[in-house]
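Quick notes on the structure that follows.
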Amino acid sequence: MAIDRRGTGLTLLRVCLGVFFLFEGLSKVRWFGNSALLTNQLSGWADTAGASSWSGRYLSAVAIPYATYFARLVPLGEITCGIAMIIGVWTPLFAFIAFFMALNFQFASAALFKYSFLTSGYGLPVLGGTLALAIGGTRLPWSIHGGGSARATKAPRSS
């Protein structure tokens, strides 16, 4: 009886990233009651990035003006994506949403354009892992939707 190694590996990645996003969201719950926490963080990034940079323009045109909305959407999105990935509900969809949120933070902070992005645990591993799940996260073992329980795959018949 062979084990679905690809599915088991992606399931492990799904659960680990789900826990990561759940706790990232829980660490931002205070934003619900105080959006200034996010606004201050974004303003600090804008000061560092420079007004003419891509990140600076994004921060001044999108992120800072809508920070009161993002202060509620980001923790809610991270918690929801985390729980969905832990239990295996619509993994490709929630992994893509998590990818987009993580990419937004990397872009807004200008981390995406620095060498340290390649060595940061919040950078390439999170973006790569969520994108891998968005692409190949269907019918994984131990999922509520689209996977069911872990099952062995049959060996191909020899003629």
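The values are calculated or read from the model by the stated rules, or taken from the named source; none is laboratory data. Since the structure is predicted, the reported quantities are computational estimates derived from the model, not experimental observations. Quick reminder, even Gly has a Cβ in these numbers, built from the backbone with ideal geometry, and neighbours come from all protein chains shown.
Can you spot a residue in segment 12-32 that is free of Cβ contacts under 8 Å to residues at least 40 places away in the same chain and either farther than 19 Å from Phe99 by Cα or in contact with a Cys (Cβ under 6 Å, 6 or more places away or on another chain) (or both)?
Yes, the conditions are met somewhere in segment 12-32.
I need every pair where a residue in segment 132-144 that is part of a helix (DSSP H, G or I) has its Cβ under 7 Å from the Cβ of a residue that is surrounded by fewer than 17 Cβ atoms within 10 Å (Cβ to Cβ), sequence separation at least 6 or different chains.
So the pair list comes out as Leu133/Pro92; Ala134/Pro92.
Looking at Thr39, is it in contact (Cβ under 8 Å) with a residue 12 or more places away in the chain, touching a Ser or Thr at 6+ places or on another chain (Cβ under 9 Å) and either of a type in the set (S, T, N, Q) or more than 25 Å from Thr130 (Cα to Cα) (or both)?
On the way: in contact (Cβ under 8 Å) with a residue 12 or more places away in the chain: yes; touching a Ser or Thr at 6+ places or on another chain (Cβ under 9 Å): yes; either of a type in the set (S, T, N, Q) or more than 25 Å from Thr130 (Cα to Cα) (or both): yes.
Yes.
Which pairs turn up if I take residues in segment 65-76 that are more than 14 Å from Lys28 (Cβ to Cβ) and without any contact (Cβ under 8 Å) to a residue 40 or more places away in the chain and look for partners that are loosely packed, with under 15 Cβ neighbours inside 10 Å and aromatic (Phe, Trp, Tyr) with beta carbon separation below 8 Å, at least 6 apart in sequence or on another chain?
No pair meets every condition.
Just a yes or no: is a residue in segment 32-51 within 30 Å of Gly7 (Cβ to Cβ), modelled with pLDDT of 95 or more and crowded, with 17+ Cβ neighbours inside 10 Å?
Keep residues of segment 32-51 that are within 30 Å of Gly7 (Cβ to Cβ), which gives none.
No - not one qualifying residue is present in segment 32-51.
Mind checking which residues of segment 55-84 are aromatic (Phe, Trp, Tyr) and buried (at least 16 other Cβ atoms within 10 Å of the Cβ)? If you could, list the steps in order and put the result at the bottom.
Let us first name the residues in segment 55-84 that are aromatic (Phe, Trp, Tyr), namely 58, 66, 69-70.
Passing the criteria: Tyr58, Phe70.
Return yes when Gly129 is part of a helix (DSSP H, G or I) and either touching a residue at least 60 places away in the same chain (Cβ under 8 Å) or over 27 Å from Arg30 (Cβ atoms) (or both) and no when it is not.
Criteria met by Gly129.
Of these, Leu118, Leu133, Leu124, which one is surrounded by 16 or more Cβ atoms within 10 Å (Cβ to Cβ), within 30 Å of Tyr58 (Cα to Cα), of a type outside the set (Val, Ile, Thr) and at pLDDT 90 or above?
The conditions single out Leu133.
Report whether or not Ile87 is surrounded by fewer than 19 Cβ atoms within 10 Å (Cβ to Cβ) and over 27 Å from Thr39 (Cβ atoms).
On the way: surrounded by fewer than 19 Cβ atoms within 10 Å (Cβ to Cβ): yes; over 27 Å from Thr39 (Cβ atoms): yes.
Yes; evaluated as a whole, the condition is true for this residue.
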